[in-house]
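Some notes on the structure that comes next.
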Amino acid sequence: METQNAAVLDPAAIITRITSIKEVRALPVGTLVGDLHGGLTFTDAVAAALECRSTSGWQEAHGPAGEIWTIIVISR
C-alpha cells in the first residue's frame, strides 16, 4: 500500500491580490501568493516580479474542498 504525505493547503493563508511590483518587493519570505484562475488575476509585470522572488515558480495545489489553486511561494 502506498502512503502519500501531502500538506493541506490553507486558502486563508494565500494572498490573492497584488497590484504592483512594489507590493511584491515588500512580501516576506515564505508568503504564499496565488489564485483560482490559473494566474490570470495578476498583471504580467506582477507575475514576473513574483517569479523573480521564487525558486520553484508557479505550482498547482489542491485546496481542502478540491479546488485547484495556482500558487507561488516567495523564497528570496
- Determine the relative contact order of the stretch 11-73: mean sequence separation of Cα pairs under 8 Å and six or more apart, normalised by residue count, in whole percent. 36 percent
- Lys/Arg +1, Asp/Glu -1 at C-beta; the chain dipole; positive extreme among His62, Gly34, Val8: Gly34
- Item | Label point distance in nm, Ser75-Thr41, each placed 7 Å from Cα along Cα→Cβ | 2.1 nm
- Message: Nearest 500 deg cm²/dmol is fine: what mean residue ellipticity at 222 nm does the chain get from its DSSP H runs of n ≥ 4 alone, each adding -39,500 (n - 2.57), divided by its residue count?
- Response: -5000 deg cm²/dmol
- Query: What Kirkwood hydrodynamic radius do you get for the chain when you take the inverse of the mean 1/r over all pairs of distinct Cα atoms, in Å?
  - Reply: 12.9 Å
- Test item: Cα-centred dipole of the chain, Lys/Arg +1 and Asp/Glu -1 on Cβ, debye: 400 debye
- Surrounding net charge for His62, when Lys and Arg each add one and Asp and Glu each subtract one, Cβ distance under 15 Å: -4
- Longest site-free stretch - the chain; sites: GluC sites (Glu not before Pro), DSSP loop, at most 12 other Cβ within 10 Å: 3-66
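The numbers here are math on the coordinates, done by the rules we state, and not lab data. Remember, predicted model here, so these are calculated numbers, not experimental data. A quick note on method: Cβ atoms are made from the backbone with ideal geometry, for glycine too, and the neighbour counts reach across all protein chains shown.
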